[in-house]
Amino acid sequence: MKKNIFNAFIILFLLFIFIIVCANSYVSAVSSNISSSVFRLHVIANSDSSNDQSLKLIVRDKVLDYMNSLVDTNVSSKEEIMRIVSDNLEMFKSIAQDTVYDNGYDYPVNVEIGNFSFPTKTYGDISLPAGYYDALRVSIGEANGKNWWCVMFPPLCFVDVSSGVVPEDSKETLEESLSDEEYELISGSSTEFEVKFKLVEFFENFKNTFAKK
């Protein structure tokens, strides 16, 4: 009897491990494909004071205005957007730094392109799971304040906050870059994909927490 219970326990344990491995493989593949399809903007305030948070938004607007002046409407790939940003990185830094000075602060500004950890974020009716994404990061001063982030490609930075609607052309660009399953996952069109999104979110948050230790 005890041997049968022990054997049953071993089988259940192995089944559990198998499920975890399969789930992790699914999450890794989906997260990798989603993150490889987008390029994000990340602006970090000096602190959480109201003045520093207001400054963050002013810098954000200037950076986005400059980005819009660079990007042609025919740009259709993440790689092209990243190349444009990389070629003009010093100008992005100059604009952000001048904006800080023009508003009466002497904080230094650091601007870089990298692969950074992001929490789950919703843009209108599109949600991106937590994970590591390529991004343009603008750090103001000590960069200890709350973050502001958006997606520069496909362009989700200007979601209509009053209606919470992502422009259809942005959705189409994103949909073309992903598999049907991946797009369904981030658009949350059914309960099945809402559950899968939670699975991705759980594993990515767990990995991010573990990576910070």
Any hit, region 46-54, residues being at positive phi and at pLDDT 95 or above: no
Test for K93: is it among the charged types (D, E, K, R), surrounded by 15 or more Cβ atoms within 10 Å (Cβ to Cβ) and over 30 Å from E168 (Cα atoms): yes
Filtered residue count, region 32-81, keeping only those that are farther than 21 Å from V111 by Cα and of a type in the set (A, V, I, L, M): 2
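Here is a list: L64, L55. Which entry is in contact (Cβ under 8 Å) with a residue 60 or more places away in the chain and over 21 Å from E168 (Cα atoms)?
Details: L64 fails: over 21 Å from E168 (Cα atoms).
One residue alone meets the criteria, L55.
Yes or no, residue by residue, for (1) surrounded by fewer than 21 Cβ atoms within 10 Å (Cβ to Cβ); (2) in a strand (DSSP E or B):
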residue	(1), (2)
G104	yes, no
N110	yes, yes
G114	yes, yes
S117	yes, yes
S127	yes, yes
L136	no, yes
E142	yes, no
V151	no, yes
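The values are calculated or read from the model by the stated rules, or taken from the named source; none is laboratory data. Predicted model, so just to flag it, every value in this text is computed and none were measured. Glycine also receives a Cβ, built like all others from the backbone with ideal geometry; neighbour counts cover every protein chain displayed.
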